[in-house]
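Every read-out reported here was derived from the displayed coordinates using simple, explicitly stated rules and does not represent laboratory data. Given the structure is predicted, the values throughout are model-derived calculations rather than measurements. Heads up, the Cβs are rebuilt from the backbone with ideal geometry, glycines too, and the neighbour counts pull from every protein chain shown.
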């Protein structure tokens, strides 16, 4: 019996130590210092504006070693061509998946921000997979759906009205080299009883990097594959910055963000994406806009 | 087919002869009569006009198995949330229990606790509409009569579903005996609660909206551990428990922001009991010891643990008016209670409670004294006085001044014969704050074992919140037949804090008819 007692006490202390000392992976919390030189204002406008057409965000979670991912990229092109000016795409390479490991480490498109967005939207399912306006559709387990559903869900979302307009302006910083100031002007055209978030992201296109091709392709890796809409950075929190709870009709936010370009990024091929969305219980996108960085 | 049914009957019938079926039923029904003068104007007074709650427990034991199910019903009920009209019904509790040698297995819902409940207590309180049952697996193993271990995993019941957060725990207890006069019981326990991803996403979104210096990375996992010990020596009993929990996101004192804070509790009591004399001393220091299923749970929702109250549990209505609950974010509380009976005819009781917040600011005190005297075989009387200081802002989150009361009270019981008796109470609460002074008078006539009648009136004699003197009268009748008891009361109740066992909530005023039925079988 003494042996059992000793065993149990050692087991209990061991369990306690293991459990408490385990380092858990927490959620993304932004500890970047806030740049107070940037403009940040909110007010209620006395002027109502005409709501813009609802645009749709397609986030394509993809990877360099994912053989079927070029099909998703092609699908994104098809949908964009079919709905000119209404589709904003982002190709996101999340970390922690063998398919997203680059063939050439110099051309690594994985980002912490992209990984965090992948986690927020469910982190489940085989690549290629994507979200359409970050909506969890009826019958789906999370916001991530296979490419065969994309067209149908995009068509559903395009029929909706947007309760908010986004206007983006990008200008070179006056004093800092390779730096741009992004000014986002958001105006709610109807009142909304919910928390609303703003995400600003930087994407880059025309990036040539080796890509595994669908099974049966010869060669199986295309060394000159062109990647478009690659997520490079998120200027806000990856899950968005809270604008406010229950914004009123004609509530306006004007916010500036600053981004210094990495040496590997080509500003001529970069775009800025602005998204107004929910966060927490749902991540539904109300509106998305895109402009060229330059 | 008939052969199969008959065969099954032949097989099962010996088991059925050893089977036991038992259960109980409780029904509450309220019929609402609007009274705007006392604030009895909830939705039930304006639209539904009546509400019901019912619980029916069935226990079935056969072949060493114990099956339990409970049917719950809420129709237009304000019980779970006084500001809500809640309607639902169904099986709210089900479990199977089986003892295999020294291993006790429960699958389904169960109630349990570790030590005094400071890190874990799953319990039910129907008066407050609380049901903290765990739906999961609970295992207990007795190595010997004095060495036990138990472990569980599951999720806390949330009405007819469960909360999303997973809990697990382990508890070890060992008893030591050193001769006839000295015994020592020790125990230790660990609880782990894991937030679900959806809750964490919402939490992270909120924290990301804070000023930079107030942001922190919240933890999915909360760990809480306790060590407790009871030492018995002759007439003395000494209990001490220390519990510590890891940092997690909890609401600050103002309730408007999350902070990342750990917590601990030290609780100790010393009791002495001999013929005619009982002494009890208690002390508790609490810091940041909120334990909920989720960081977003508030008030009485999702409470995992139980904090022993540090005030006298009052049975009389006016002395109980300013009862307190433990302040889990921080308090230092002490209590001393003495009961002295020099002979069978006389008993003196005294109680002192003193509570400060964690910055040593007084938030509550109670001085209580009563004297019980038996005048003969027919007449018994109790006389007492209580004075209370009660920080209303702390305990009720109301921006109102602290309440100071002085409450003399008396109770008489006169037995006409073996069956008939009359009991009457007179109480008066003096206060310059809150609702002002109250008088309470009650006359109760009992004809054992079947009937009980009472008339009571609680009068707001010097009202500070309403214009006129208000009467909160109560006409009550109860009928008991064997295990079944019916009661019916027409009453008006003032709004205020209702506490049972140190767990409290603010309840709105009531005006109308209350029906209650309890039975067991």
By the Cα gyration tensor axes a ≥ b ≥ c (a/c under 1.5 gives rounded; else a/b larger than b/c gives prolate, otherwise oblate), the shape of the range B:226-276 is oblate
One would report the Cα pair-distance distribution of chain A, bin width 5 Å, in %, as 1, 5, 11, 15, 16, 16, 12, 8, 5, 4, 3, 2, 1, 1, 1, 0, 0
Extension length gain for residue B:37 and residue B:186 (0.36 nm per residue less Cα distance), in nm, is 48.2 nm
Taking Cα atoms only, helix A:2-21 is inclined relative to the longest principal axis of chain A by an angle, in degrees rounded to 10, of 20 degrees
Distribution output for the range A:124-258: share of Cα-Cα pairs per 10 Å bin in percent, first bin at 0, values 9, 26, 34, 22, 8, 1
Assertion target for B:400, B:261, ordered by fewest C-beta neighbours within 10 angstrom first, is B:400, B:261
Two pseudo-spin positions, 7 Å from Cα along C-beta at residue A:81 and at residue B:257, lie apart in nanometres by 5.4 nm
Residue A:282 and residue B:237 label points (each 7 Å along its Cα→Cβ direction) are spaced in nm at 5.6 nm
Partner shielding of B:195-203, taken as the mean number of other chain Cβ atoms within 10 Å, equals 4
Cα convex hull volume per residue for the range B:315-445, in Å³, equals 114 Å³
In Å, the C-alpha Rg and Dmax of the range B:112-308 are 19.0, 63
Expected sort for B:245-254, A:241-250 on mean C-beta neighbours within 10 Å, highest first, is B:245-254, A:241-250
Volume per residue (Å³) of the convex hull spanned by the alpha carbons of chain B is 200 Å³
Mean Cβ-within-10 Å packing, highest first, puts peptides A:53-60, B:82-89 in the order A:53-60, B:82-89
Shielding of A:27-38 by other chains, given as the mean Cβ count within 10 Å, works out to 4
Cα-based Debye curve of the protein assembly as shown sampled at q = 0.08, 0.10 Å⁻¹ gives log₁₀ I(q)/I(0) of -0.91, -1.22
Here the FRET efficiency for residue B:378 versus residue A:31, based on Cβ atoms and R0 = 60 Å and rounded to 0.05, is 0.20
Percent relative contact order for chain B, counting Cα pairs under 8 Å at least six residues apart, stands at 10 percent
So, relative contact order of chain A in percent, Cα under 8 Å, 6 or more apart, is 23 percent
For the range B:120-180, the convex hull over Cα atoms projects on average to an area in nm² of 6.1 nm²
Between residue A:151 and residue B:89, Cβ-based FRET efficiency (R0 41 Å, step 0.05) works out to 0.40
Relative contact order of the range B:112-308 (C-alpha contacts under 8 Å, at least 6 apart) in percent is 18 percent
Per the helix-only model, chain B has a calculated mean residue ellipticity at 222 nm (DSSP H runs of ≥4, -39500 (n - 2.57) each, divided over all residues, rounded to the nearest 500) of -2000 deg cm²/dmol
Here FRET efficiency (C-beta to C-beta, residue B:125 to residue A:177, R₀ 56 Å, nearest 0.05) is 0.25
One point scatterer per Cα, no solvent, Debye formula: log10 I(q)/I(0) for the range A:37-160 at q = 0.11 Å⁻¹ comes out as -0.45
Of A:78-86, B:263-271, ordering from highest average Cβ density within 10 Å down gives B:263-271, A:78-86
Yeah, the range A:113-185 with a ≥ b ≥ c from its alpha-carbon gyration tensor (a/c under 1.5 is rounded, else prolate when a/b outruns b/c, oblate otherwise) is oblate
Each residue of B:87-96 has, on average, a number of other protein chain C-beta atoms within 10 Å of its C-beta equal to 0
Between residue A:43 and residue A:13, the two model label points (7 Å from Cα along the beta-carbon direction) sit apart by a distance in nm of 6.7 nm
Footprinting proxy, B:504, A:66: sorted fewest to most Cβ within 10 Å, the residues are B:504, A:66
